[in-house]
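Quick note: the coordinates plus some simple rules give every number you see, no bench work behind them. Computed from a predicted structure; not experimentally measured. Glycine gets a Cβ as well: all are built from the backbone with ideal geometry, and neighbour counts include every protein chain shown.
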C-alpha cells in the first residue's frame with residue numbers, strides 16, 4: 001500500500017519535470033509492486049475462507065456485518081486496483097503518458113480503498129457499532145453508515161496506512177543506498193534515496209503524532225484493560241509513568257528492572273500530569289488479555305522501533321538537505337540495513353492490536369472461545385496450519401528470489417523490457 005503511493009509520486013514527478021529517470025523508476029517499482037500484489041492475493045484468499053472453516057460460530061454470529069465490508073473490498077477496491085495495475089504495467093506506450101499517470105493514481109486509490117474496507121472490518125471487531133441483537137442471540141446490521149464511519153476507523157486507518165508508507169519508503173531508500181554503496185545504477189539510487197528518505201521522515205513522524213497519539217487515546221477510552229496490559233500497569237496509579245524498559249512478572253504483578261519516565265503516561269493519555277490511569281487490578285481477570293507478556297513486548301517493540309525510525313530519517317533528511325547524504329557511507333549503510341525493521345514494527349503493531357482485543361472476537365460482545373467451529377478438532381487446525389506454513393514458506397522463498405532478481409536487474413533494463421512488451425502488445 002505504501003509502495004502504491006511512492007509509485008504515484010515518482011510518476012507525478014516525471015509528469016512535472018519530464019526527467020525519464022523518474023518514469024523508469026516508477027516502472028521498476030511497479031514490477032516489484034505487481035509481484036507483491038500477486039503474493040498478497042494468493043496468501044489472502046485462505047484468510048477469508050477461515051471465517052467459514054475455523055470460525056463458523058463467529059461467522060454465524062456476526063457474518064451479516066463483516067461480510068458487507070469484506071465483499072465491498074473485493075467488489076470495489078480489489079477489482080479497481082487489479083485492473084489498473086495491468087494498465088500501468090502494459091499500457092504506457094499504447095495509451096500515452098496521461099493515461100499511464102491516471103492508472104498510477106487509480107492503483108494508489110484502489111489500494112488505499114482496499115485498506116480502508118479491511119480496516120473497517122477490523123475496527124468493527126475492536127469497537128462494534130451499527131448492529132442490533134436478534135432473538136436467537138445473533139446480530140444484524142441496522143446502521144450501514146455507522147459501520148463504515150466507525151469512530152475507531154479513522155485513527156486505525158491513518159496509523160495503518162502510515163505504517164505501510166514507512167515500510168515502502170524504507171525499502172526504497174534502502175535499495176537506493178545499496179545501489180550507491182555498490183556503485184550500480186547510481187542515478188536511480190539517488191532518486192530512490194531522496195524520495196524514500198523524505199517520505200519516510202514525514203511518515204515516521206506521522207506515526208508518532210497525530211496517529212499514534214489518537215490511537216492510544218481511543219484504546220484508553222474503549223479498551224482500558226488493553227492499555228494497562230500494553231504498558232505493564234498492574235495497579236491503578238495517579239501520575240502514572242511510562243515503562244521504557246522492563247520485564248513483566250505476571251505472577252507477582254510487577255515490572256522487573258524498570259526504567260520509567262515519571263508521570264508521562266498520565267499526561268500522554270489524559271493531558272494531565274496527575275490523572276489516574278487504570279491498571280489491570282481495576283478489571284476482572286477474566287477480561288484481561290490472554291498473553292500479557294507477548295502483548296507488552298509487541299507494543300514496546302513497535303514503539304521502540306518507531307522512535308528509532310524517526311531518529312534515522314531525521315538525520316538522513318538533514319544530510320540530504322545539506323547535500324551530503326549520497327557521500328556519507330555510514331548513513332547509507334544504516335539506510336540499507338534498516339530495510340527489515342519496518343516489517344517487524346508493522347507485525348508487532350498488528351500483534352498489539354489483536355492481542356489487546358483478547359479475550360474477545362467482537363470486543364465486549366463475543367468471546368474468542370465461543371467463536372470456533374465446533375466440528376473442527378485441534379488436530380485438524382494444527383495439520384492445516386503446518387500445511388499452510390509450508391506453502392507460505394515456499395512462496396516466501398520464491399518471492400525473495402524474484403525480488404533479488406529484480407534488484408540485480410535494476411532499473412537500467414527498463415527500456416529494453418518496455419520495447420519487448422510493446423512488441424508483444426502491438
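With no solvent and one equal point scatterer per Cα, compute the Debye intensity ratio I(q)/I(0) for the range 61-137 at 0.14 Å⁻¹ and report its log10, rounded to two decimals. Listed by q, the Debye log ratios stand at -0.56.
Among 172-184, 40-52, the peptide with the highest mean count of other Cβ atoms within 10 Å heads the list, and the full ranking is 172-184, 40-52.
Once both labels are positioned 7 Å from their Cα atoms along Cα-to-Cβ, the gap between residue 287 and residue 57 label points is 2.1 nm. As an exercise, use a Förster radius of 56 Å and the Cβ-Cβ distance of residue 35 and residue 239 to find the FRET efficiency, rounded to the nearest 0.05. Calculated value: 0.65.
So what is the relative contact order for the range 134-198, in percent, with contacts set as C-alpha pairs under 8 Å and at least six apart? Relative contact order of the range 134-198: 26 percent. Using the average count of surrounding beta-carbon atoms within 10 Å as a protection proxy, the listed peptides 346-358, 399-411 rank, highest first, as 346-358, 399-411.
The mean sequence distance of close C-alpha pairs (under 8 Å, at least 6 residues apart), as a share of the length of the range 165-354, puts its relative contact order at 26 percent. Between residue 143 and residue 264, the contour length at 0.36 nm per residue exceeds the alpha carbon distance by 39.7 nm. Helical runs assigned H by DSSP (4 residues or longer) give the chain a calculated mean residue ellipticity at 222 nm of -23500 deg cm²/dmol, each run adding -39500 (n - 2.57) before division by the residue total.
What do you get for the angle between helix 340-357 and the principal long axis of the chain? Use alpha-carbon atoms, 0 to 90 degrees, nearest ten. Taking the Cα atoms of the chain, the angle to 340-357 is about 30 degrees. Compared with the dominant Cα axis of the chain, that is its longest principal axis, helix 2-17 is turned about 30°. Between the C-alpha center of the range 346-376 and that of the range 273-317 there is a gap of 18 Å. Relative to the longest principal axis of the C-alpha atoms of the chain, give the angle of the C-alpha long axis of helix 56-72, reported between 0 and 90° and rounded to the nearest 10°. The answer is roughly 30 degrees. Per residue, the average separation of C-alpha pairs within less than 8 Å and at least 6 apart gives the chain a relative contact order of 19 percent.
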